[in-house]
Every structure is written in structure tokens, then in C-alpha cells.
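What follows is a single structure, written as C-alpha cells, with notes after it.
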Amino acid sequence: MFADAELTDDKFLMGRLRLLQPARGYRAATDPVLLAAACPAQAGESVLDLGCGAGAASLCLAARVPGVVLAGLEVQPEYADLARRNAERNGVAMEVVEGDLAEMPRALRREFDHVIANPPYYDAGGSPSPVAARDRALRVATPIAAWVAAAGARLRPGGWLTMIFATPCLPEALAALPPKMGSAMVLPLEPRLGRAPPRVILQARKGGRAAFRLLAPFTLHAGASHDGDRESYTPAANEVLRNGADLSAAFGRDR
């Protein structure tokens, strides 16, 4: 497990959430915040976070929607321990189970209203990170299709899958949607207006029947390029990333 000296205490959502994270290793950035904002969970509904890491996405969701019932699956014991610690220090109840989604632990073999996931996005080849835990958190070991299949298996009828991942993974993810998963929607995340989106958010519903929809991009930064140390988020992105605003309305409902 991580020693206290190996951790930093980081603010999310303007300090509404405090997370312990390894100083060297995988550290949550904007992806889990965007993922949490896109999840359409309501108070009292259950949410399974596949690959929950230190708990960033789940706890950001709980900050926006008090009363959600959280569970997380994490393959790395040291990160599972951090997720439990972070949930406790933020006053959030969260069940965290250690295990691999390819062999779902018995404790999580039940139905959920929502499944969220932020899978690794670097190819299996290439130069590994010198920090083993960070490399495992970022590098693809389990195919995106397995993540989609595991999520679909855990959803109740009418439940929603919400995932954020690298754009090149999108064809595989769409092809992997089980037959009972429909109403698929994709929200491209463009870094600046007119720039190719390196990441997307995919949402689909178990039992959904609506046609596939490609949504208008969500733009993260204003201006044509980075402008020194000045805040460059668009007003909409600022509301989501700093104030915990709801992004799920971008997908529409009752589909």
C-alpha cells in the first residue's frame, strides 16, 4: 500500500472533494471528472465504477448527486485502498472490491442502475512508465471490448453505461455493445474549437431502442492556443470541471 509520504492531497471541484493520490503513479486529471458529470444517476440509484482507481469519478459523482449508491472494482490493491480512504475522508459510502473485470468478483455479480468506466488508453506497445502502477493504470491490457461486455452484464434492464476513452477505441467499443444495449450516443471532447477530439464519451442503455446519435462536440478550452497561465476553459467546461455541473443533459433522456 502507499505510505503517507508517497501521497499528495489534491483538491477537485474547487475543494469540495479532496483526494489522496500517489505523487508518482497514475493521477486523476479531467477524464474522471467529465465521466462523473456525464453519468445520469439520480439519488438512490446504484453505480458501479469499473477500474475505479483512487475513486475520483465515483466521488465526483457523489459530490453532484448525494445519495447515489456506489461500488467500485479495482485490480490494483494499492489503488483500491486509496479509494476506500478517499471515500471515508469525504464522508461517502463506497464499496470497493479488488479484482479483475475479466473475472468479475462474486461480490459485484448483481445488477446496477449505472456502470461507468475510464479504461486505459495507451497501446500495449511503446515505452512503459518507470512507475509500474501508473503504467498498468494507463496501458491497455484488457481490450475495450471486454470492458463494454463486463459493463453490459452488470446493468439492469433500462440501466445506463457511460464510458470515456480515446477516440481510436470507439469502433471497437461500438462493435462490442451487446445486442441488448441500444440508444448509443457519442459525445466528442474537442480540446479547442475545430480541433480533432482525442477522447469521447460513449453512453448506451440496456434495452434502449433509439438510433445511434453523434452529438455536437463539447469544447474544453477557449482560444486557438494555450495562453500562458491564464484560465483557458470554456464557460461550459469550467462549470463541469471546477463547479461539478451536470453534463448528462447533453445526451438527452428517455431513450
> Got a sec? Which of Glu74, Glu78, Glu45, Glu88 is open to solvent by 30 Å² or more (accessible area, probe 1.4 Å), in contact with a helix residue (DSSP H, G or I) (Cβ under 9 Å, 6 or more places away or on another chain) and modelled with pLDDT of 95 or more?
Replying inline: Glu78
>> Tell me the residue from Asp135, Asp113 that is touching a Ser or Thr at 6+ places or on another chain (Cβ under 6 Å), modelled with pLDDT of 95 or more and open to solvent by 20 Å² or more (accessible area, probe 1.4 Å), please.
In response: Asp113
> Could you say which residue among Ala173, Ala184, Ala146 is open to solvent by less than 50 Å² (accessible area, probe 1.4 Å), assigned to a strand (DSSP E or B) and either modelled with pLDDT of 95 or more or more than 27 Å from Arg106 (Cα to Cα) (or both)?
Replying inline: Ala184
> Does region 91-114 hold any residues that are in a strand (DSSP E or B), touching a helix residue (DSSP H, G or I) at 6+ places or on another chain (Cβ under 8 Å) and acidic (Asp, Glu), and which are they?
Replying inline: Glu95, Glu98
> Out of curiosity, is Asp31 free of Cβ contacts under 8 Å to residues at least 24 places away in the same chain, open to solvent by 10 Å² or more (accessible area, probe 1.4 Å), at negative phi and not hydrophobic (A, V, I, L, M, F, W, C)?
Replying inline: no
>> For the condition open to solvent by less than 40 Å² (accessible area, probe 1.4 Å), within 19 Å of the chain's Cα centre (by Cα) and on the phi > 0 side of the Ramachandran plot, what is the one hit in Gly244, Gly152, Gly159?
In response: Gly244
> If you check every pair at least six apart or on different chains, which have Cβ atoms under 9 Å apart with a residue in region 95-118 that is farther than 13 Å from Gly53 by Cβ first and a residue that is among the aromatic types (Phe, Trp, Tyr) second?
Replying inline: Leu101/Trp147; Asp113/Trp160; His114/Trp160; Val115/Trp160
>> Which numbered condition in (1) open to solvent by 10 Å² or more (accessible area, probe 1.4 Å); (2) at pLDDT 95 or above; (3) outside any strand (DSSP E or B); (4) of a type in the set (A, V, I, L, M) is the only one that Ala124 fails?
In response: (2)
>> Just the residues that are open to solvent by 40 Å² or more (accessible area, probe 1.4 Å) and over 15 Å from the mean Cα position of the chain (by Cα), please, taken from region 18-28.
In response: Arg18, Ala23, Arg24
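The values are calculated or read from the model by the stated rules, or taken from the named source; none is laboratory data. Only a predicted model underlies this, so the values are computations on that prediction, with no experimental measurement involved. Cβ coordinates were reconstructed from backbone atoms using ideal geometry, including for glycine residues, and neighbour counts include every protein chain displayed. For the accessible areas, the whole protein counts, side chains as well, though only heavy atoms, and no ligand, DNA or RNA atoms are used. Shrake-Rupley method; radii C 1.70, N 1.55, O 1.52, S 1.80 Å.
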